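The values are calculated or read from the model by the stated rules, or taken from the named source; none is laboratory data. All figures in this text were calculated on a predicted structure; none of them were measured in a lab. Cβ placement follows ideal geometry from the backbone for every residue including glycine, while neighbour counts extend to all protein chains displayed.
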Amino acid sequence: MGLILNIETATNICSVVLAKDSKVVAIRESGEDKSHASKLTLFIEEILKEQKLEISQLDAIAVSKGPGSYTGLRIGVSAAKGLCYGGDVKMISVNTLLSMATVAGIKLKNSSSETHLLCPMIDARRMEVYTAFYDQQLNEIVPTKAEIIEKGSFGSLLEQQAIYFFGNGAEKCMDLIAHPNARFVKDIEASALGMVAHSEHALLNNSFENVAYFEPYYLKDFIATTPKKKLF
């Protein structure tokens, strides 16, 4: 059982949760777009000051490893590495989609009695999303991948049971995934709250990352874009 700082920056949400023995002690979150660089360090400092803690007193620092925003992941992982080095603390990583599915599972537990799958979606470019499928026990049914959504996507799975789609990539897919078993749920986003149980499990099983060599799970190579309009 331990004291773990959980960091989530894989999407537009900047989220930090301090948990002790799987219980949330403190949380800071912001949905302000492109605010990770300014908010993350501030949130961490606020929580540590509030709890009268030093980094070295933590048992581990957990970071959402992706897939997700290239920039967001870099910011989160860089911060986690710096804290781990500075405080001589172990580092844990948690799959972002699994974390999102965990949040969804908690929210849907008392509102849905039907058998269903959970499908977190993180927005990529155009009609592409990062996604995976989990059952109600959070077992991975379809592994993480980048999926281009087309009319009739996931039809075979939808024929078998209800599927709950959520995350910042779900809304744009509604018209194409039109099926009686498709359920679209708003207000379920990436949050460090979804990391707590998984980071605690990793700590108990001594499942740590190599701080020097760990890299985020980008899933796709970063592609720089050029402005369409000339700046000068």
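Kindly provide the set of residues from the stretch 153-198 that are assigned to a helix (DSSP H, G or I) and within 20 Å of residue 135 (Cα to Cα), ordered by number.
155, 156, 157, 158, 159, 160, 193, 194, 195, 196, 197, 198, listed by residue number.
Mind checking which residues of the stretch 94-128 are part of a helix (DSSP H, G or I) and either at pLDDT below 90 or among the basic types (Lys, Arg) (or both)?
107
Looking at (1) within 14 Å of the chain's Cα centre (by Cα); (2) part of a loop (DSSP other than H, G, I, E, B); (3) more than 30 Å from residue 158 (Cα to Cα); (4) of a type outside the set (A, V, I, L, M), which is the only condition residue 6 fails?
In the conditions (1) within 14 Å of the chain's Cα centre (by Cα); (2) part of a loop (DSSP other than H, G, I, E, B); (3) more than 30 Å from residue 158 (Cα to Cα); (4) of a type outside the set (A, V, I, L, M), residue 6 misses (2) alone.
Per-residue answers, yes or no, for (1) within 16 Å of the chain's Cα centre (by Cα); (2) free of Cβ contacts under 8 Å to residues at least 60 places away in the same chain; (3) not assigned by TED's automatic domain parsing to the domain that holds residue 103:
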| residue | (1), (2), (3) |
| --- | --- |
| 11 | yes, no, yes |
| 16 | yes, no, yes |
| 28 | yes, yes, yes |
| 37 | no, yes, yes |
| 40 | yes, yes, yes |
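All but one of (1) assigned to a helix (DSSP H, G or I); (2) in contact with a helix residue (DSSP H, G or I) (Cβ under 6 Å, 6 or more places away or on another chain) hold for residue 19; state the number of the condition that does not hold.
Of the numbered conditions (1) assigned to a helix (DSSP H, G or I); (2) in contact with a helix residue (DSSP H, G or I) (Cβ under 6 Å, 6 or more places away or on another chain), the odd one out for residue 19 is (1).
Just to check your reading of the model, which residue among 97, 117, 108 is surrounded by 15 or more Cβ atoms within 10 Å (Cβ to Cβ), in contact (Cβ under 8 Å) with a residue 40 or more places away in the chain and within 12 Å of the chain's Cα centre (by Cα)? Reasoning before the result, please.
On the way: 117 fails: within 12 Å of the chain's Cα centre (by Cα); 108 fails: within 12 Å of the chain's Cα centre (by Cα).
Selected residue: 97, the only one of 97, 117, 108 that is surrounded by 15 or more Cβ atoms within 10 Å (Cβ to Cβ), in contact (Cβ under 8 Å) with a residue 40 or more places away in the chain and within 12 Å of the chain's Cα centre (by Cα).
If you go through the stretch 199-221 one residue at a time, how many are part of a loop (DSSP other than H, G, I, E, B) and either closer than 26 Å to residue 21 by Cα or among the polar types (S, T, N, Q) (or both)? Break it down stepwise before answering.
Of the residues in the stretch 199-221, the ones part of a loop (DSSP other than H, G, I, E, B) are 205-208, 210-221.
Checking which are either closer than 26 Å to residue 21 by Cα or among the polar types (S, T, N, Q) (or both) leaves us with 205-208, 210-211, 214, 216.
So the count comes out to 8.
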